[in-house]
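The values are calculated or read from the model by the stated rules, or taken from the named source; none is laboratory data. Just so we're clear, the structure is a prediction, and the values are computed from it rather than from any experiment. Ideal geometry is used to build each Cβ from the backbone, glycine not excepted, and the neighbour counts take in all protein chains shown.
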C-alpha cells in the first residue's frame, strides 16, 4: 500500500511586522526555503513534480502565482511547476494535504508543499476588497452581534469571533492573558534550549547581516503588562492584542514523497502523513472548526486523543486553543509545547507549514509517535493533520 511521507522540513525564522524580514520580498523568502530544503535533504529539484504553495493575500508582490515565481527565483529547473493555494490561515497545511494526496494517488512522486506571507509588504486584507464572501443571511447575523456596526465591512472581524468563543466557553480575561504569557515563556525556553535551531533556515539580508531567530518572543511581558492592554473588539471584551497572534513575515517548506520512492533515491522518511482532513463550522464565530476537524481526524485515524503525544492548535487568538482543550479534554501539557503564534507569530500563508515543521521537530526530539495539528481559518474552516513518526 502506498503512503505519503515527509522527508524534509525547513522554515525561516519568523519576523515581526516591519521587523527583520521587512526588506525581503516574499518570492525571495519562498525561494530561500526551497533552496535550503534541497541542501538539507539532497533531493534533486529536477525530480520535483510540483510545488504547492500557500499564500493568503495573493496581490502585489504575492500575486502572479508566487509558487512558480519562487521556483524560478530558487534557481530550480524551468521544468518544475508550481501552484498557489488559499485556504486562509491553513493555506500551507492544505498545501501539505494536496501534496500527500498527489503522491498517495500516484499522480506524483515528489511534491514540495509550503507557503509564505509577508504581512509587512502585503498587508492583511489587501486581497479582500470588493468581495462578497457570505450570504445576506449570514451578514445579518454578523451585524446583529452586540458591538458590531450596522455598516461593518466584510470580511468579518476574526477578533469578534474570538470574543464570541470566549463568551460561549466562559473564558475570562485572566485565562486568556495567562495562556498568552505561557506561549511566550514556552517559546523563549525552546529558543534558549536550541530546540528551533535544526528547523531554521537563517536568512541573509541585503546589508550582509543574518536574520537567524524568531523575533516575536516577548521575554519582558508579564500578567501585569498583558492586563493593561485594551480590548479592541468589544468595549467590555476579554481579547487583546496580547492574546492574539502576531502579524508576521515568514516562509516554510516540506518535501513529500512515498516510502518506496524515498528508499530508491536515498532519502530518509521522517514521518508519515497518517490522516488529513478538512472541516467547517459557524462562519460568524469563524474560529471553532478545529474542534470538529479534530474529531473527524481522530475518527478517521482510529485514534483517541490520549494517544496523541503533541497537539499543535494555532494560536490565532487564545480562546481558540482554550475552547479546543475544553471540548476535546486533551492534556494541556501536550499543547503547543514550544509556544505558538501568540509568541512566534502568524505569517498567514506560511503558518501551516511553519507549525508542521516545528511539530515534526518536537516529535523527533522526544520520540513521540503521533502528533496532531489543526488551524482555524477564515470563513469558519479548519484543517487537521495527524503525523506518525517513522
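Key figures for this structure:
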{"read-out": "Which listed residue, of 33, 38, 27, 6, is touching a helix residue (DSSP H, G or I) at 6+ places or on another chain (Cβ under 8 Å) and buried (at least 24 other Cβ atoms within 10 Å of the Cβ)", "value": "6"}
{"read-out": "Residues being on the phi < 0 side of the Ramachandran plot, in a loop (DSSP other than H, G, I, E, B) and touching a strand residue (DSSP E or B) at 6+ places or on another chain (Cβ under 9 Å) - total across the stretch 77-89", "value": "3"}
{"read-out": "Scan of the stretch 106-127 for residues that are closer than 19 Å to residue 23 by Cβ and either buried (at least 18 other Cβ atoms within 10 Å of the Cβ) or at pLDDT 95 or above (or both), ordered by number", "value": "116, 117, 118, 119, 120, 121, 122"}
{"read-out": "Criterion violated by residue 234 - all others in (1) surrounded by 19 or more Cβ atoms within 10 Å (Cβ to Cβ); (2) farther than 20 Å from residue 165 by Cβ satisfied", "value": "(2)"}
{"read-out": "Some residue of the stretch 135-143 being touching a strand residue (DSSP E or B) at 6+ places or on another chain (Cβ under 9 Å), buried (at least 18 other Cβ atoms within 10 Å of the Cβ) and either closer than 17 Å to residue 381 by Cβ or modelled with pLDDT of 95 or more (or both)", "value": "no"}
{"read-out": "Condition check for residue 200: within 30 Å of residue 40 (Cα to Cα), touching a residue at least 40 places away in the same chain (Cβ under 8 Å), surrounded by fewer than 16 Cβ atoms within 10 Å (Cβ to Cβ) and in contact with a strand residue (DSSP E or B) (Cβ under 9 Å, 6 or more places away or on another chain)", "value": "no"}
{"read-out": "Residues that are in contact with a strand residue (DSSP E or B) (Cβ under 6 Å, 6 or more places away or on another chain), surrounded by fewer than 22 Cβ atoms within 10 Å (Cβ to Cβ) and not in a loop (DSSP other than H, G, I, E, B), drawn from the stretch 60-76", "value": "68"}
{"read-out": "Subset of the stretch 235-252 [free of Cβ contacts under 8 Å to residues at least 40 places away in the same chain and not in a loop (DSSP other than H, G, I, E, B)]", "value": "241"}
{"read-out": "Output for the stretch 78-114, where each listed residue is under 17 Å from residue 66 (Cβ atoms) and free of Cβ contacts under 8 Å to residues at least 40 places away in the same chain", "value": "78, 80, 81, 82, 83, 84, 85"}
{"read-out": "Filter result (under 24 Å from residue 271 (Cα atoms) and either in a strand (DSSP E or B) or within 17 Å of the chain's Cα centre (by Cα) (or both)) within the stretch 15-59", "value": "30, 33, 50, 51, 52, 53, 54"}
{"read-out": "Odd one out for residue 160 among (1) modelled with pLDDT under 95; (2) within 19 Å of the chain's Cα centre (by Cα)", "value": "(2)"}
